[in-house]
Amino acid sequence: MSKGWLVNDCLTCIPGTKTFWHDLLENVDGLVDKCNGHTPYNILPTRIESELQVEQPDYIIRNATFFRNMNTLVPTISLLQDVVVGRDVQIDTCNRSTVTVFNSQYTKSLYPEITNSVVIPLGTDFEKFKPLDNVNELKQKYGINDNTILYVGSSTVYPKGFDMVESIIDNTEYKYVLIMKDDYQSSNPRVKVFNRITQDEIVEITNCCSMLLCTSKEETLHLGGVESAACGLPIITTNVGIYPSINGDGWGHICDSLEMFLQTIELVFKNVDSYNPREVFLKNGLDKNSSMESWNMLIDKLLMKEK
């Protein structure tokens, strides 16, 4: 069995949660966690270089962002999922890697300087995020009405475009649920806010809503949208993340103005039963199983090339 090293500062910043890095460790045989719990980025590459003097894996998977290129001849796969302003180190790291993996075609389009790359979406757990049977019971549990619109994100204008969310709320009479990653609160009686909740709660609350808004000015994937689609919600979004490259109809709509958002909300409510976002997103390989299969194929191809 081949042996790989997973190199990042940590697997997750939120205790008790799992991330894509956990998915890799659980689905790629022989992959070893080299985070040591938590290693600050400023000392991480030096620490790994020291360990490479003692032992060398068959390959390395690393975060493409936040720490410099590591001096090694070991075949390296760099994952680029974060768009940054000062990106000279990021680009240098990727171009010194054997191959770069982008999490979406949109992210790749922002980095024309990077050569030898592939696109593999991170993958969402479609077994966890799915339509539930007890929606009426859940609506009572959370106090959510029929025909409620969902937003998942934070209250930042950049990159989340929350000013557009506020404009949409002000220009409609619908009820809204905001699942927030920050401490945002609202006094609007039509708005119900949930702050920093668990994945299980997100699945249940998402199932209580009718559609999802994505107003972001920048997204490399938009995980919240994929999770909502997995639960069966149509998506009304800006032209970011995974959305421009989705093949097939019936998942939702891309909008570029407040007027278009308002018109599209009305359109979706009139035809909500005609959408099938879960099926479309599965066909586009946005589930975790498809993602892990692609990663394993990439690693196998890398190792065969090195022989």
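What about Ile254, is it crowded, with 19+ Cβ neighbours inside 10 Å, in contact with a Phe, Trp or Tyr (Cβ under 7 Å, 6 or more places away or on another chain) and in contact (Cβ under 8 Å) with a residue 12 or more places away in the chain? Spelling it out, it is not the case that Ile254 is crowded, with 19+ Cβ neighbours inside 10 Å, in contact with a Phe, Trp or Tyr (Cβ under 7 Å, 6 or more places away or on another chain) and in contact (Cβ under 8 Å) with a residue 12 or more places away in the chain. Restricting the stretch 202-238 to residues that are modelled with pLDDT under 95 and acidic (Asp, Glu) leaves a set whose member that is nearest to Trp251 (Cα to Cα) is Glu219. On the stretch given as the stretch 96-123, residues that are closer than 23 Å to Glu218 by Cβ and either of a type outside the set (Ser, Thr, Tyr) or assigned by TED's automatic domain parsing to the domain that holds Val226 (or both) total 15. Scanning the stretch 83-110 for residues that are assigned to a helix (DSSP H, G or I) and either touching a helix residue (DSSP H, G or I) at 6+ places or on another chain (Cβ under 7 Å) or over 17 Å from Pro45 (Cα atoms) (or both) yields a count of 5. Cβ-Cβ distances below 6 Å connect the following pairs, each with a first residue in the stretch 97-113 that is over 17 Å from Phe20 (Cα atoms), a second residue that is part of a helix (DSSP H, G or I) and at pLDDT 95 or above, and a separation of six or more residues or different chains: Glu113/Ile91. Residue pairs whose Cβ atoms lie under 6 Å apart, separated by 6 or more positions or on different chains, with the first residue in the stretch 59-82 and more than 17 Å from Val118 (Cβ to Cβ) and the second assigned to a strand (DSSP E or B) and at pLDDT 95 or above, are Val74/Ile60. Put simply, of Asp300, Asp273 the only residue that is closer than 25 Å to Ile235 by Cα, free of Cβ contacts under 8 Å to residues at least 12 places away in the same chain and out of contact with any strand residue (DSSP E or B) (no Cβ under 9 Å at 6 or more places or on another chain) is Asp273.
As a summary of the residue check, Ser228 satisfies the conditions (1) polar (S, T, N, Q); (2) in contact with a Leu (Cβ under 6 Å, 6 or more places away or on another chain); (3) outside any helix (DSSP H, G or I) except for the one numbered (3).
The values are calculated or read from the model by the stated rules, or taken from the named source; none is laboratory data. None of these values were measured; they are calculated from a predicted model. Because the Cβ atoms are built from the backbone with ideal geometry, glycine has one as well, and the counts that use them run over all protein chains shown.
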